[in-house]
Amino acid sequence: FPVTIVVAVAVGGVVVVIVVVTFVGVVVVGGDGGVVVVGSVHASESRLTSLEGAPRVIEGDFLLKGTKISNLEGLPESIGRNLALDHTPLTSLEGCPNFITGQFTTSKTLLTDLKGAPREISGDAGFEHCNRLTSLEGIPKKIGSNLVLNGCLNVWDPRPLRVIVTGK
């Protein structure tokens with residue numbers, strides 16, 4: 001069953017909701033104090049601004065669409081399925097895990113290059129409508145399904161594109 005956590009603060013007598021995060025699965029605290037989510041974390045459309053204190057491992061999806069996250073400092077070291085960073089003010093992919101088992105999407109972000117992207121993605125790699133993207137430097141070395149660059153109008157030189165896309 002999903003568990004929803006709401007973080008709220010009182011500002012001048014008015015309660016303001018800061019973050020709403022839904023965990024779908026079981027949360028386990030490891031012997032090293034690191035949190036492991038056996039399932040998925042859905043924080044999309046929340047006011048989340050930082051990944052500080054995020055679980056060390058998420059065995060399912062980590063969905064951060066529409067959050068206020070601008071960097072990936074504190075991102076879990078392992079994500080078992082999809083990582084969605086769409087519609088965020090994200091400026092860098094530094095801090096991504098090296099491997100994503102599933103889809104990796106960063107549509108409509110403020111990225112200018114792909115430095116720090118996962119080295120391997122088993123599903124789709126989506127970088128749609130990233131209008132500030134001018135370089136494919138850092139693109140994953142292996143993509144298991146589709147590479148999507150729709151609407152990235154400032155990426156015009158495919159010569160640095162040395163990636164293996166196995167497709168379906």
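The values are calculated or read from the model by the stated rules, or taken from the named source; none is laboratory data. Just so we're clear, the structure is a prediction, and the values are computed from it rather than from any experiment. Backbone-built Cβ (ideal geometry, glycine too); neighbour counts: all protein chains shown. Surface areas here come from the heavy atoms of the whole protein model, side chains and all, with no ligands, DNA or RNA. Shrake-Rupley method; radii C 1.70, N 1.55, O 1.52, S 1.80 Å.
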Probe 1.4 Å, protein heavy atoms only - accessible area per residue of the range 88-151 in square angstrom: 42 Å²
Residues of the range 103-127 with the amide nitrogen closer than 19 Å to a label point 7 Å from the Cα of residue 135, along Cα-to-Cβ, please. 109-119, 127
